[in-house]
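Notes for the one structure printed next.
Rule-based calculations on the coordinates, nothing more; no lab input. What you are looking at is a predicted structure, and each value in this text was computed from that prediction instead of being measured.
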Amino acid sequence: MTDNELTYEIRGAIFDVYNTLGPGLLESVYEEALTFELQQRGLEVIRQMEVPIMYKDNELKTPLRLDLLVENQVIVELKSVEEMKPVFAKQLLTYLRLLDKHVGILVNFNTHNLRESIKRIVN
């Protein structure tokens with residue numbers, strides 16, 4: 001699957017989860033529901049993937065935890081917050097760089113306009 005096809009499929013799954021559950025729940029609830037929805041669509045999903053971080057040839061003791069990695073291609077970072085902060089996009093971009101991935105999706109489920117709360121981030 002190309003990045004565009006995969007992100008299109010992920011966006012569809014995000015909308016299905018949002019339309020079923022609505023806004024205002026914990027991030028972990030959306031993460032579990034989205035994992036289920038993506039797997040139902042035949043996609044491989046790794047949840048809460050631990051990624052070691054190297055600093056000057058030294059592995060740091062605090063690993064990075066990704067919300068979701070879909071098809072070993074797309075990082076999905078989930079939020080359920082009152083307001084999206086610019087740091088969230090920067091965080092996802094850093095994850096993409098550290099893992100040498102091309103595209104990620106940042107989504108805030110705590111919104112009344114989901115379409116405006118999904119951001120595609122490209123490394």
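DSSP finds beta bridges in the chain, and of those with both partners inside it, around 75 percent are antiparallel.
In plain terms, the chain from residue 93 to residue 47 could stretch by 14.7 nm, reckoned as 0.36 nm per residue minus the Cα-Cα distance. From the Kirkwood radius over Cα pairs of segment 16-58, Stokes-Einstein at 10 °C and 1.306 mPa s returns a whole-number translational diffusion coefficient of 127 µm²/s. Relative to the current alpha-carbon distance between residue 29 and residue 81, full extension at 0.36 nm per residue lengthens the span by 17.4 nm.
Across every direction, the projection of the convex hull enclosing the Cα atoms of the chain has a mean area of 7.6 nm².
Net length available on complete extension from residue 56 to residue 1 is 16.3 nm, with 0.36 nm assigned per residue and the Cα-Cα distance removed. Close Lys pairs in the chain (alpha-carbon distance under 27 Å; sequence gap of 8 or more, or different chains): 14.
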